[in-house]
Amino acid sequence: MSKPSAQDADVLLRLYELRRDPELRLARAYMMSEFNASSWDEVRPHYLTGSEVDRHFRMVTSYWEMVAAFVNRGVIDQDLFFDTHGEHILVWNKVKALVPEARKQIRPTWLWNLERMARRHLAWRERSFPTAERVIEEGSRLSGESGPDGRGEDPTRSADAGKRDR
């Protein structure tokens, strides 16, 4: 696993700020809750019309395509991004059925960065989740109700550390 830099974190925070834009928030909400097209034929009549459906669709897909290009080209540390994001997978799952036909009409590489990143992220999850589950379980045993010391306390912390925290 690579070590992310402060610059990686800064770029992620800036991307998060973009997601807070009121118009992008509306577009994201639309894509998550209302968009349910299953073919390009359902989207095509709205595409490039300037309608609300068109604006929301293109705003969200182009945002995630841009972010995916950053991740795919190493501008953002992939592991850090995958650790902190998942919405792009939902977007990809919403649009992947219409992509083949759209690529014939828009361009052959339309949303290919998003597709590549979503596939890698899913593979990353498959590799990472067993380790994450183990680490979470071990952590909960250290500080949880049934800790190894029988009292539910974290045995790695001294009594003085607990007093300093109060």
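Rg/Rh for segment 1-84 (Cα atoms only, Rh after Kirkwood) is 1.06. Other residues with beta-carbon under 10 Å from the beta-carbon of Leu114 carry, at +1 per Lys or Arg and -1 per Asp or Glu, a net charge of +1. Charging the Cβ of each Asp and Glu at -1 and of each Lys and Arg at +1, and nothing else, the dipole of segment 6-141 about its Cα centre rounds to 380 debye.
Could you rank the peptides 105-117, 7-19 by their average count of other C-beta atoms within 10 Å per residue, with the highest value first? Kindly include the intermediate steps, with their values, before the conclusion.
Values: 105-117: 16.3, 7-19: 13.2.
Answer by packing, highest mean first, reads 105-117, 7-19.
Note on segment 6-141: the alpha carbon radius of gyration divided by the globular reference 2.2 N^0.38 Å gives 1.15.
Each reported figure results from applying straightforward, stated rules to the coordinates on display, with no laboratory input. All of these numbers come straight from a predicted model, not from anything done at the bench. Every residue, glycine as well, gets a Cβ built from its backbone with ideal geometry; the counts of neighbours run over all protein chains shown.
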